[in-house]
Amino acid sequence: SIPIAKQLASIKALGKGSDLEKAFATMALVYKNSADLKGKLSKAEAKSLLQTQFRGFIQGQENKPKYQEIISALDEESENKIDFEDFMILLVSLTLMSDLLQEIKNGKTTK
């Protein structure tokens, strides 16, 4: 498996890309590297990807009803697959409710 940073570097259009463009390209590459040949993830794979690649945003969310609802949906019918668009909606939803986003918006930084 080729590291994400190397994959990003190989995308000519991102040579002078902004941080935001590179962030979205990173999300697309992480998804693509985990997806099946049809470009989809099982719900179990999506949950695993969130737990390994999105820890900072989901940490501490376990007791929030909306988080539990989202994760429960991933646990049900795990043979169903989600596409990139659904995965992005999932990421945005989890980001919006995260404590980490609130800290970022409030200007709190850690070292």
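The values are calculated or read from the model by the stated rules, or taken from the named source; none is laboratory data. Nothing here was measured: the structure is a model prediction, and the numbers come from that model. Neighbour counts are summed over all protein chains in view; Cβ atoms, including those assigned to glycine, are modelled from backbone coordinates with ideal geometry. Ligands, DNA and RNA are excluded from the accessible area calculation, which covers all protein heavy atoms including side chains. Shrake-Rupley method; radii C 1.70, N 1.55, O 1.52, S 1.80 Å.
Of note:
- Close contacts from segment 30-43, counting a first residue that is assigned by the TED database to the domain that holds Lys81 and over 22 Å from Lys6 (Cβ atoms) and a second that is open to solvent by 80 Å² or more (accessible area, probe 1.4 Å) and assigned to a loop (DSSP other than H, G, I, E, B), with Cβ to Cβ under 9 Å and a gap of 6+ residues or different chains, come to Ser42/Glu79; Lys43/Glu76; Lys43/Glu77; Lys43/Glu79.
- Some residue of segment 85-96 being of a type outside the set (Lys, Arg) and not in a helix (DSSP H, G or I): no
- Any hit, segment 68-84, residues being under 19 Å from Met27 (Cβ atoms), open to solvent by 30 Å² or more (accessible area, probe 1.4 Å) and touching a Phe, Trp or Tyr at 6+ places or on another chain (Cβ under 9 Å): yes
- Of all residues in segment 1-29 being outside any helix (DSSP H, G or I) and either touching a Ser or Thr at 6+ places or on another chain (Cβ under 6 Å) or open to solvent by 40 Å² or more (accessible area, probe 1.4 Å) (or both), the one that is nearest to Ile89 (Cα to Cα): Ser18
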